[in-house]
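Trainee: This is the structure I want to talk about, given as structure tokens.
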Amino acid sequence: MTAWLALCCVLVATMVAVGGYTRLSGSGLSITEWAPVRGTVPPLTEAQWKEQFARYLESPEGRLVNSSLDLAGFQRIFLVEWGHRFLGRLVGFVTVVPLAWFLWRRALDRRTARRGLLAAALVGAQGAMGWLMVKSGLVDVPHVSTVRLGAHLLLAFAIFAVLAWELFDLVLAPATVSARRLVFGARAFLAVIVVTVASGAAMAGTHAGWAFSTFPTMNGRFLPDGVFEGGPRAAIQDPLTAHFDHRAMALVVLIFAIALPYLARGEARAVQRRVALVLGAVALQITLGAATVMLRMPVWMAVVHQVWGLGLFATALGLVHGTVSAQPSERAMPSASPRQGVADVEGLSG
């Protein structure tokens, strides 16, 4: 069970990395059909390649962006997108087939079975959303919907969260009874990270990474001209606003991270270690983000920044998993220190 869950988490993280590279390499719209079974095998003959290439040249990207692309160039971007889709199929297979076996053998308790079924449903939704995202770039303009791109990324994080939480139950120490301020702060911090990930998707969808190449200011200003001029939809349509929003959310993440040691004062050593891990993850992610824009979006660094966003999310999820509020009866007992107790995490997880 532990090895299976760990493998699933690694595969999801790999999917996030490959998905980022697929987007940054301009490969995401190279396959213009959704063939869950037939598409498992790429074109094998020259005739099959020419058929796929002809379909691509009829798409908005083929007509408006890559009309001069030759067959060899098309094969390169096609195989990147095919690899991304094949990995998605592999994630589904590795998640669903062992889960079905565990359920058939009745090897899972009710709570674990529910989580497994939720993960399987999310994997299916992720595949469908991936196609809906691609389809949005095959109609009129050669750009995918920013909203669908964000949903696609957040679904990957949701799958990872369900699997990682179950893995944490198996390999980490039970949750420590913690001060309510830390319990609330850890959960708020996790929510802020999710919003920051969504703003990162908006930044990717609007190609906002190239809007500014300076840090910490944006071309010498903290609030550049033109930000928010497009109204509420500017956050998902305007590169300047999307870039500003992502930086602003990163600042909120940093403020929360700096507050965590204060909220965790007097806590058990295991909790303190998790807080320290979160601080290190935040520092690395902000460094990666700043370097990525200052170096004008090198693909490898942008991919690492996206993947480490999942790493930061995992550390925050681990902190939430490791803390729980004392029950009222426990807080009323003067002889017991809440720092010495261990609480059941079922109320947190399901």
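All of the numbers you see were taken from the coordinates with simple rules; none came from a lab. Small disclaimer: the values here were computed from a predicted structure and weren't measured. Cβ sites come from the backbone with ideal geometry, for glycine too, and all protein chains shown count toward neighbours.
Trainee: Does Gly83 count as surrounded by 18 or more Cβ atoms within 10 Å (Cβ to Cβ), in contact (Cβ under 8 Å) with a residue 40 or more places away in the chain and small (Gly, Ala, Ser)?
Mentor: When the stated conditions are applied, Gly83 does not pass them.
Trainee: Here's another thing I want to ask about it. If I go through the range 11-49 residue by residue, how many of them are free of Cβ contacts under 8 Å to residues at least 40 places away in the same chain and surrounded by 13 or more Cβ atoms within 10 Å (Cβ to Cβ)?
Mentor: 2
Trainee: Can you tell me which of Gln272, Gln285 is part of a helix (DSSP H, G or I) and in contact with a Gly (Cβ under 8 Å, 6 or more places away or on another chain)?
Mentor: Gln285
Trainee: Name, by its number, the condition in (1) touching a residue at least 60 places away in the same chain (Cβ under 8 Å); (2) among the hydrophobic types (A, V, I, L, M, F, W, C); (3) surrounded by 21 or more Cβ atoms within 10 Å (Cβ to Cβ); (4) within 21 Å of His143 (Cα to Cα) that does not hold for Ala201.
Mentor: If we test Ala201 against (1) touching a residue at least 60 places away in the same chain (Cβ under 8 Å); (2) among the hydrophobic types (A, V, I, L, M, F, W, C); (3) surrounded by 21 or more Cβ atoms within 10 Å (Cβ to Cβ); (4) within 21 Å of His143 (Cα to Cα), just (1) comes out false.
Trainee: In the range 303-318, how many are under 19 Å from His243 (Cα atoms) and either surrounded by fewer than 21 Cβ atoms within 10 Å (Cβ to Cβ) or in contact with a Phe, Trp or Tyr (Cβ under 8 Å, 6 or more places away or on another chain) (or both)?
Mentor: Within the range 303-318, residues that are under 19 Å from His243 (Cα atoms) and either surrounded by fewer than 21 Cβ atoms within 10 Å (Cβ to Cβ) or in contact with a Phe, Trp or Tyr (Cβ under 8 Å, 6 or more places away or on another chain) (or both) number 4.
Trainee: May I pose another question? Mind listing whichever residues of the range 176-228 are outside any helix (DSSP H, G or I) and touching a strand residue (DSSP E or B) at 6+ places or on another chain (Cβ under 7 Å)?
Mentor: Within the range 176-228, Thr176, Val177, Ser178, Phe212, Pro224 meet the criteria.
Trainee: Still on this structure, please answer the following. Restricting to the range 142-153, name every residue that is in contact (Cβ under 8 Å) with a residue 40 or more places away in the chain, surrounded by 18 or more Cβ atoms within 10 Å (Cβ to Cβ) and part of a helix (DSSP H, G or I).
Mentor: Of everything in the range 142-153, those that are in contact (Cβ under 8 Å) with a residue 40 or more places away in the chain, surrounded by 18 or more Cβ atoms within 10 Å (Cβ to Cβ) and part of a helix (DSSP H, G or I) turn out to be Thr146, Leu149, Gly150, His152, Leu153.
Trainee: Sticking with this structure for a sec: Test of understanding: among Ala250, Ala242, which residue is under 30 Å from His321 (Cβ atoms), surrounded by 14 or more Cβ atoms within 10 Å (Cβ to Cβ) and not charged (D, E, K, R)?
Mentor: Every option except Ala250 fails the conditions.
Trainee: Let me ask something else about it. Within the range 229-238, restricting attention to residues that are within 23 Å of the chain's Cα centre (by Cα) and in a loop (DSSP other than H, G, I, E, B), which residue is nearest to Thr287 (Cα to Cα)?
Mentor: This residue is Asp238.
Trainee: Any residue at all in the range 158-172 that is touching an Asp or Glu at 6+ places or on another chain (Cβ under 9 Å) and under 25 Å from Arg23 (Cβ atoms)?
Mentor: No - not one qualifying residue is present in the range 158-172.
Trainee: Based on what the data block shows, is Ala35 farther than 20 Å from Trp308 by Cβ and in a helix (DSSP H, G or I)?
Mentor: It is false that Ala35 is farther than 20 Å from Trp308 by Cβ and in a helix (DSSP H, G or I).
Trainee: Can you tell me which residues in the range 272-318 are of a type in the set (Lys, Arg) and without any contact (Cβ under 8 Å) to a residue 60 or more places away in the chain?
Mentor: Residues satisfying the conditions are Arg273, Arg274.
Trainee: Please verify whether the range 239-259 includes one or more residues that are outside any helix (DSSP H, G or I) and either out of contact with any Cys (no Cβ under 9 Å at 6 or more places or on another chain) or free of Cβ contacts under 8 Å to residues at least 40 places away in the same chain (or both).
Mentor: no
Trainee: Within the range 86-141, track down each residue that is in contact (Cβ under 8 Å) with a residue 12 or more places away in the chain, not hydrophobic (A, V, I, L, M, F, W, C) and not in a helix (DSSP H, G or I).
Mentor: Hits for the range 86-141 are Gly137, Asp140.
Trainee: Same structure, new question: Only one of these conditions is not met by Val65: (1) within 30 Å of Val10 (Cα to Cα); (2) touching a residue at least 60 places away in the same chain (Cβ under 8 Å); (3) not acidic (Asp, Glu). Which number is it?
Mentor: (1)
Trainee: Here is a follow-up. Could you please tell me which pairs satisfy a Cβ distance under 6 Å, a separation of 6+ or placement on different chains, a first residue in the range 206-226 that is touching a residue at least 40 places away in the same chain (Cβ under 8 Å), and a second residue that is in a strand (DSSP E or B) and surrounded by 11 or more Cβ atoms within 10 Å (Cβ to Cβ)?
Mentor: Here the result reads Phe212/Met218, each pair linking the range 206-226 to a residue that is in a strand (DSSP E or B) and surrounded by 11 or more Cβ atoms within 10 Å (Cβ to Cβ).
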